[in-house]
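Okay, so here's the structure we're looking at.
A short reminder: the numbers here are calculations on the coordinates, not readings from a lab. Owing to the predicted nature of the structure, the values given are computational and were not obtained by experimental measurement. Cβ placement follows ideal geometry from the backbone for every residue including glycine, while neighbour counts extend to all protein chains displayed.
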Amino acid sequence: MKSSVTVNMGALSAFACGMSLLALMPTFALAADSPLTLAINRITADNRQERVVELRELGIDRPIILSASDARRELYLPVPANVPLTDATLNFDASYLNGEAGRNTLLLSLDGYPVRALGLNEEQGNASTVLGVDKAARESGSVRLGVAWSSVISKVLCEDERAIGNVLRIDPHTRLTYSYDASQLQDVGAAWTALPGKPGLLVAPGTLSAASYDAAWRLGVALERIGKQARILPFPAVQDSLDLSGLRIPAELMQIPAFASLNGKGVYTLRDQAEIGALLMLGQTPALQADLAISDPQLLKAIDDSLDALQAQVQSVDASAAGALSQWRERHIKKPLANSAGDDVSLALLGNRALLMIKPESANKAIGLFSSAWNKLARSRQLTIGEEAAMPLSEDGRVALTRLGGKPGTVDVLAKTDWTASFPLGSVAYDGRVPVTAMIDVAAAPGASGTPPVATVFLNDYLIGALQLTADGKKERIEARIPQYALAAQNTLRVSFQRQPVSNMCLETPQAFPISVLPTSHVVLDKVNPDSNFSGMAARFATDTQLMVPKGYLERPASSLPQVVRVASAAGVSPLRAQLSVSDDASVAVTPAKAFLAFELPVKDAAESVKADNEGHLLINHK
């Protein structure tokens, strides 16, 4: 009797094929990632950034007062364009007075949608509230907060609205809090709008080159002009002391010497490059929490050296973890910088933060790009900027108000409404030309009253023009001459609209009627001879200035740059048109060839009326 076994050849072939493929698979695919690899992947994948935007950072440093029977205000709070928000809330800080015993209503809207209504009818009280903000991405790059205040008093006043006791006070600490994924920033413009109130500006370690110092002070002044205060962050070097209190290091990383040496320290002196690389990867140290960087070769080499040293330590412990670290470096640092070799501005991720890398020789062009005139064009991760980016000026010397931050649009006016545009003098002064005329184009709808509306133009609270409008829906122009004494380093152009409210002897409710500020509104520039006063100096500084510093300032950028930025910004020095001059010997008197701003340098043939003696006392006329 024969025994036989039947074998399914198809199944055997499949089994053999499967075994062959299994044998060909890489060894690392069969084993789970090591704890060290998982820890590195977890840290490098966490790119969440938190932001708090207060009204104070937007130039609103005093309470906003709404006092009419129907007063409205819209506030724009910047967020990264086209990036979803996480955990976004708006803290509306306000208080009210109700001296006229009225029925007061506060209506708050976000992006045009009403979200909260409050009845505020006590004699006085708190009007603060917290609003949840939709996480949807905003193409405009801002969250629009609408504030509507209505006060109906018990007296029958009708057209005569002179009840002054019912007011809403919006505090400048009103703030938007949100977080976002920095890896989702897709273009330079979005990264610029996402800058915090005090952005970090990363510079090379040690003594800066003149080009890098020049770029840093220009960027610092440009940030001051938009209400932000730059923190100068020299890249850490060996033997630097840093405060590491609060540093959180995952347990899996403690097997790497660089991480182990940083754990549980307070003020710590860095001992090697690998420790700097470890701090860079963790992204928790304030000294490395940068948002912009002057990407000179010295800084790029310092970043590479620190990460190379860390890579070597990780490689000696776990090769697969070293591969994860290498992939992170390639994806977020090396590839963006390699792709932007010929570009002036590029977007990279350093640690867990989005970083705008700006070449030293391109800083003045980048500043022009980041102005309101050109920001909406910055829609890629790398940019090469032409010379024209810094010149939003027509051939006949006109600058549109839309290029200076003014937003044309329509407002409903019941009694009085203001429209404003703020700009530094340096952003509109070209080749010795300064603003001489403001051309404000408006269109107004007719109202119920036979009295025409009035438009009044102010520059820095000086009345420079007014017009009684025809109010027939057609364009009307207000031509206002700008006197030199009205110009300042920072300027606010305000157009105030007033109507006469009508209620037909209390038979009708007074209604608001629209008035539009048209996008053809502009400022005319012309050459003038500046006066010998503060306004004249502001005009000189805005056009062409020598900024003079001793060479020692380049050796200590962390302390000298903030001083240079603050003084240059306050004086109105243009970051677009000034020239930096570095003096090798601080004891030799300098000879300026034009309007100048000198720091700790003697000036030839200068008669100092005010100086400080060795004890720090001010001497006026040598007394």
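Using a simple spin-label model with pseudo-atoms 7 Å out from Cα toward Cβ, D526 and Q563 lie 4.2 nm apart.
Taking amide H as placed 1.01 Å from N in the peptide plane, V83 has its amide H under 5 Å from the amide H of R138, each at least 5 places away in sequence or on another chain. Note on R48 and Y462: their simple-model spin labels are 5.2 nm apart, each label 7 Å out from Cα toward Cβ.
How charged is the neighbourhood of R42? Take every other residue with its Cβ under 12 Å from the Cβ of R42, and add Lys/Arg as +1 and Asp/Glu as -1.
Values: positive: none; negative: D33, D46, E252.
Neighbourhood net charge equals -3.
Near Q490: Cβ cut-off under 11 Å, other residues only, Lys/Arg at +1 and Asp/Glu at -1. The net charge is 0.
Given R0 = 35 Å, the distance between the Cβ atoms of Y485 and L107 translates into a calculated FRET efficiency of 0.25. Given a Förster distance of 30 angstrom, what is the FRET efficiency for K551 paired with D305, based on the Cβ-Cβ distance and rounded to 0.05? Efficiency, from the Cβ-Cβ distance: 0.70. Between T591 and D61, the FRET efficiency from the beta-carbon distance, with R0 = 41 Å, is close to 0.55.
Take the Cα of Q255, step 7 Å toward its Cβ, do the same at N126, and the gap between the two points is 5.2 nm.
Between S140 and T86, full extension at 0.36 nm per residue minus the direct alpha carbon distance yields a gain of 17.7 nm.
Give the peptides 192-202, 132-142 in descending order of average Cβ contacts within 10 Å, highest first. List each step's numbers first, then the result.
Numbers: 192-202: 20.5, 132-142: 14.8.
Peptide ranking by packing, descending: 192-202, 132-142.
When +1 charges are put on Lys and Arg Cβ atoms and -1 charges on Asp and Glu Cβ atoms, the dipole computed for segment 105-259 relative to its Cα centre reaches about 120 debye.
Add +1 for every Lys or Arg and -1 for every Asp or Glu among the other residues with Cβ under 13 Å from the Cβ of P360, and state the total. Please report the intermediate quantities before stating the final value.
Working: positive: R218, K359, K365; negative: D214, D296, D344, E361.
Within the 13 Å Cβ shell, the charges total -1.
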